[in-house]
1. Please work out if residue 145 is of a type in the set (S, T, N, Q), assigned to a helix (DSSP H, G or I) and modelled with pLDDT of 85 or more.
2. Being closer than 27 Å to residue 71 by Cα and touching a Ser or Thr at 6+ places or on another chain (Cβ under 7 Å) is the filter here, so list the residues in the range 223-271 that pass it.
3. Only one of 240, 271 is modelled with pLDDT under 85, surrounded by fewer than 17 Cβ atoms within 10 Å (Cβ to Cβ) and within 26 Å of residue 316 (Cα to Cα); which?
4. Can you tell me which of 49, 40, 61 is modelled with pLDDT of 85 or more and not in a helix (DSSP H, G or I)?
5. If residue 232 satisfies every condition in (1) under 27 Å from residue 90 (Cα atoms); (2) out of contact with any Gly (no Cβ under 8 Å at 6 or more places or on another chain) but one, which is the exception?
6. So which residues in the range 38-57 are surrounded by fewer than 19 Cβ atoms within 10 Å (Cβ to Cβ) and in contact (Cβ under 8 Å) with a residue 40 or more places away in the chain?
7. Would you call residue 235 at pLDDT 80 or above and within 21 Å of the chain's Cα centre (by Cα)?
8. Could you tell me whether any residue of the range 153-172 is assigned to a helix (DSSP H, G or I), charged (D, E, K, R), surrounded by 14 or more Cβ atoms within 10 Å (Cβ to Cβ) and out of contact with any His (no Cβ under 8 Å at 6 or more places or on another chain)?
Amino acid sequence: MYAGIGLVFTLLLAMYFVYQIRVVALVMLLTALFSIIVSGPVDFLERRGLGRAWGTMIVLGVLALVLGITGLAMGSVVGEQAQQLAATFPVLLDGAQRRIEQLQERFGLEAGFSLEPQGLLESARNFLSGDTVSAVASVGASVANVLSLGLVILISTVYAVASPKPLVNGFVSLFPAGWRGRVREVLRELYETVQRWFLGQLTSMFIIGFLFTVSLSIIGIPYALLLGILSGLLAFVPYVGALLSVIAPILLALVSTEPLDAVWVLVAYGVIQAIEGNLIQPIVMSRAVELHPVVVVFALLTMGTLFGLVGVLLAIPLVASLQVLVRELWVERMDERGADPNPPGNNGGEMKANSPTAGRLRRAARSLLRRS
């Protein structure tokens, strides 16, 4: 009982400490995530006989080259569509106001607000010009802070990927000698889980963005490429991102095209989500992580509260890593203490998935695969 109470207070103290230094914790989490992602291709090059330092430089160079070519190929079109959307924003607001008035007249509703595009634009100008020097100084300080933290993350990632063994050995040496083999196994499982999650998520984002772009182009929604790229990026955030990505196409369909097109946008959204849930996820994420939607929602809420938008992006890999830790360090130990007399879904003739024998077989199989 005393050990349990002490553990709870220790966890609460650790959470308070992390909250106080959340910027440092955020930089460390981002460095760890980027290091794991970049280490995948670097490991491949190392198995082919290339040193890790050269492999790190090659992978980062290829990544920068791919991003640059993609930006040159699509940047002009996306930038043009973004400028057109910004230029036609007052017209879209006018159209939205007319649609709202039509709905009010049709259903006999009254609303105590109006959009008034010119008033909104004038309010924005007044807000920006209210204290120009202070606003510019605040924005400049924020940009400088972000750039400095980004530089720290980049340098730390390069060193961590180029020479990971001292970091891993130093962490493992903190544990008793008899536990170090098990600690290395858990670290390897965490490493592989995050890499599988990233590859699956990247594939899913690309497919969803492509399908959205094609669907919106066929329906005739303006700025289809811009909205498709946005939907692919938002797909990085499960559930919430998919809901946000459909709002803009529906509004554009209601305002700038035929209202019936909004129905087709919803149909396309439902079809794409069905394909993503029943085809993409089972194929590309079958070897990654499976998280319950409730766990995902609370992870997004917690990380968003602590770290803002960047915390939302880090929520899924972090909770996936915690799931691996709980499974490897707690669940299997509990399974070894006895068997569940009536496990859910037990057919009697099959070995229980969480039985002590099954747990030992899983660990033995992983050890044999790593040695081979």
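The values are calculated or read from the model by the stated rules, or taken from the named source; none is laboratory data. Worth saying up front: this structure is predicted, and the values here are computed from it rather than measured. Cβ coordinates were reconstructed from backbone atoms using ideal geometry, including for glycine residues, and neighbour counts include every protein chain displayed.
1. Working: of a type in the set (S, T, N, Q): yes; assigned to a helix (DSSP H, G or I): yes; modelled with pLDDT of 85 or more: no.
So residue 145 fails the test.
2. Residues satisfying the conditions are 224, 225, 228, 230, 231, 234, 235, 245.
3. Working: 271 fails: modelled with pLDDT under 85.
None of the others qualify; the one that does is 240.
4. Only one candidate qualifies: 49.
5. Residue 232 satisfies every listed condition except (2).
6. Filtering the range 38-57 down to residues surrounded by fewer than 19 Cβ atoms within 10 Å (Cβ to Cβ) leaves 40-41, 43-54, 57.
The answer is 40, 52, 53.
7. Values: at pLDDT 80 or above: yes; within 21 Å of the chain's Cα centre (by Cα): yes.
Answer is yes for this residue.
8. Within the range 153-172, the first condition is being assigned to a helix (DSSP H, G or I), and the residues that meet it are 153-162, 165-172.
Still in the list and also charged (D, E, K, R): 165.
This time we only want the ones that are surrounded by 14 or more Cβ atoms within 10 Å (Cβ to Cβ), so: none.
No - not one qualifying residue is present in the range 153-172.
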